[in-house]
Amino acid sequence: MALAPRLELRQGQSLVMTPQLQQAIKLLQLSNLELAEYVEQELERNPLLEAAANDPAERIGAEEERGDSERDPVVTSETSLSLSEDGPLPGRDGDLDTDYDNVYADESRSDAQNDAAAAAQGPTSSDWQNVKSSGGGSGDGEFSFESTLTREATLAEHLTEQMNMALKTAGDRMIGAYLIDQVNEAGYITADLADVAERLGTDVEDVEAVLQVLQTFEPTGVCARNLKECLALQLAERDRLDPTMKIFLDNLELFAKRDFDQLMKLTGADREDIASMVEDIRLCNPKPGLAFGSEPVVPVVPDVFVRARADGSWAIEINSETLPRVLVNQQYYAEVSKLSGDASAKAYISECLNNANWLVKSLDQRARTILKVASEIVRQQDAFLVHGIQYLKPLNLKTIAEAISMHESTVSRVTANKYIATPRGIFEMKYFFTSAIASSEGGAAHSAEAVRHRIKELIDVERPDAVLSDDNIVDILKGQGVDIARRTVAKYREALNIPSSVQRRREKKAYA
């Protein structure tokens, strides 16, 4: 058969991932912080995108400053983000397609009127001018927030201040400054002294001499090379570092295992002396550096709020504070299109308009999808919200996806890095998806998270003379209708950082 070129028509189906579709999928799995960062990048890249004012009164004031002559009838797309489910929960077959020309453009009419009326009344007692004239500023009547800013001293700054007074020569100060740089946030030296001496071109003895001086600084125990040295420094300050205590510190792994019988053999001390040494160690701080200049803990900001209504149902609302407000400046697009005669410039501005409109649509779709998934999760886990963790139901992505007619991958992206604020606390959305453990009585399956909670409750209430082994826990759970294997109990116990029954028995006997 001769080879020759020819034309053929073939019909087929394929999935094409356009850049806009890729953007919409990417936005679904972003957390609120990542979403804010992404939108900031788009605002810098796209000249037609603008960040909307958070306060409706600010927008009203901005329009009044522009004047009536500049108020052209311009269609502006905005994401003001006031989605909520304060009525009946959406139907499982609800459609997410909406009109995106004015997404979230309508704020509460009464709120806007109240804000406008407050602005028309002029300054109030909380106005900035009153703050300046209230006598809280400086002598010239001006007040600066910068003058009130402060921060905690870092561990390195605290140690450097003491080093400048304790070390006299420039060489020792250079070694001391380098060692302070090697101190981690817990207060430990992380560098090898031989490597430090080689890098600084000095002797190891000089480095060790400077380190001994640093180890006398406050807080006591700082600049130690390991836990044993850290505890020894603190015990020596309290005059509790005798030879018996040194042997105890050399065998800290036995203390971690609560093997006090072996410690008594090694130290030659009786049980009362061992208990006294344990109490002395408990008074020490294993991480003395954490008291200085630690980063502030950033609280989790929920993406969805769930609250109970008077009729016993649940109201689900998107947290508007976590969603960015974006405007598409149609007026600027019209002006640039009229003035630009270059075809490439017109193509660029048209592309910017399409990208801006699609971003607004994607943000709206993301918010509505999160709300729909959260509503179904609340519907499925209603018993947990009412009665507690023991009523948490087994749940998987497929169940939610089938209930709201979405793909499992979409539900997985929506629940990633998202949090729900409920009357029982703030939970990650993934928390509500747990595996199922069969019932020994043939009834409904039990949630793995609920079983872990039950195991912890059983261990918390056990008596010192009746410590529960994993086999005992299996028998108790089977009596309560939970068909679970011993290795599963051991896995859950280890995940909860609960020691074995042997270690718990040793610990309870030591403090009995």
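The values are calculated or read from the model by the stated rules, or taken from the named source; none is laboratory data. Small disclaimer: the values here were computed from a predicted structure and weren't measured. So basically every Cβ, Gly included, is an ideal-geometry build from the backbone, and we count neighbours across all protein chains shown.
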*Qualifying position, being under 30 Å from residue 455 (Cβ atoms), modelled with pLDDT under 90 and outside the structural domain of residue 482 (by TED's automatic domain parsing), among 380, 330, 390*: 390
*Of the numbered conditions (1) in contact with a Leu (Cβ under 8 Å, 6 or more places away or on another chain); (2) free of Cβ contacts under 8 Å to residues at least 60 places away in the same chain; (3) crowded, with 17+ Cβ neighbours inside 10 Å; (4) among the aliphatic types (A, V, I, L, M), residue 277 satisfies every one except a single condition; which is it?*
(1)
*Of the residues that sit in segment 240-264 and are in a loop (DSSP other than H, G, I, E, B) and not hydrophobic (A, V, I, L, M, F, W, C), which one is nearest to the chain's Cα centre (by Cα)?*
257
*Name the residues in segment 147-172 that are surrounded by 10 or more Cβ atoms within 10 Å (Cβ to Cβ) and either modelled with pLDDT of 90 or more or within 14 Å of residue 217 (Cα to Cα) (or both), would you?*
155, 156, 157, 158, 159, 160, 161, 162, 163, 164, 166, 167
*Mind listing whichever residues of segment 345-391 are under 24 Å from residue 408 (Cα atoms) and among the small types (Gly, Ala, Ser)?*
362, 367, 374, 375, 383
*Mind checking whether some residue in segment 271-290 is in the same structural domain as residue 239 (by TED's automatic domain parsing), over 23 Å from residue 41 (Cα atoms) and polar (S, T, N, Q)?*
yes
_Leading residue by the ranking (modelled with the lowest pLDDT) among those in segment 1-35 that are closer than 19 Å to residue 407 by Cα and among the small types (Gly, Ala, Ser)_ = 14
*asked:* Here's a check for you: in segment 393-408, which residue that is in contact with a helix residue (DSSP H, G or I) (Cβ under 7 Å, 6 or more places away or on another chain) and of a type outside the set (Val, Ile, Thr) is nearest to residue 455 (Cα to Cα)?
replied: 393
*Could you please give the count of residues in segment 265-300 that are hydroxyl-bearing (Ser, Thr, Tyr) and either within 31 Å of the chain's Cα centre (by Cα) or modelled with pLDDT under 85 (or both)?*
1
*Give the residues of segment 376-409 that are among the polar types (S, T, N, Q) and buried (at least 20 other Cβ atoms within 10 Å of the Cβ), sorted by residue number.*
381
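With the structure loaded, tell me whether residue 461 is out of contact with any Cys (no Cβ under 9 Å at 6 or more places or on another chain) and without any contact (Cβ under 8 Å) to a residue 12 or more places away in the chain or whether it fails that test. Steps first, answer last, please.
On the way: out of contact with any Cys (no Cβ under 9 Å at 6 or more places or on another chain): yes; without any contact (Cβ under 8 Å) to a residue 12 or more places away in the chain: yes.
Criteria met by residue 461.
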*Residue count for segment 21-37, restricted to those that are under 15 Å from residue 361 (Cα atoms) and in contact with a Leu (Cβ under 9 Å, 6 or more places away or on another chain)*: 3
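Okay, residues lined up against (1) farther than 26 Å from residue 497 by Cβ; (2) of a type in the set (Phe, Trp, Tyr); (3) assigned to a helix (DSSP H, G or I):
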| position | (1), (2), (3) |
| --- | --- |
| 367 | yes, no, yes |
| 377 | yes, no, yes |
| 383 | yes, no, yes |
| 393 | no, no, no |
| 410 | yes, no, yes |
| 457 | no, no, yes |
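Every residue, every condition in (1) over 29 Å from residue 263 (Cβ atoms); (2) crowded, with 16+ Cβ neighbours inside 10 Å; (3) without any contact (Cβ under 8 Å) to a residue 24 or more places away in the chain, yes or no:
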{"position": "475", "(1), (2), (3)": "yes, no, yes"}
{"position": "480", "(1), (2), (3)": "yes, no, no"}
{"position": "485", "(1), (2), (3)": "yes, no, yes"}
{"position": "493", "(1), (2), (3)": "no, yes, no"}
{"position": "504", "(1), (2), (3)": "no, yes, no"}
*Check off (1) among the acidic types (Asp, Glu); (2) more than 28 Å from residue 477 (Cα to Cα); (3) under 26 Å from the mean Cα position of the chain (by Cα) for residue 402 and give me the number that stays unchecked.*
(3)
_Residue list for segment 192-219, filter: surrounded by 16 or more Cβ atoms within 10 Å (Cβ to Cβ), within 16 Å of residue 156 (Cα to Cα) and within 39 Å of the chain's Cα centre (by Cα)_ = 211, 214, 215, 217, 219
*Could you please tell me which pairs satisfy a Cβ distance under 8 Å, a separation of 6+ or placement on different chains, a first residue in segment 181-204 that is at positive phi, and a second residue that is surrounded by 13 or more Cβ atoms within 10 Å (Cβ to Cβ) and assigned to a strand (DSSP E or B)?*
187/224
*So how many residues does segment 301-355 have that are part of a loop (DSSP other than H, G, I, E, B), within 30 Å of the chain's Cα centre (by Cα) and either more than 19 Å from residue 366 (Cα to Cα) or of a type in the set (A, V, I, L, M, F, W, C) (or both)?*
4
_Sole exception among (1) surrounded by fewer than 19 Cβ atoms within 10 Å (Cβ to Cβ); (2) at pLDDT 90 or above; (3) out of contact with any Leu (no Cβ under 6 Å at 6 or more places or on another chain) for residue 412, by number_ = (3)
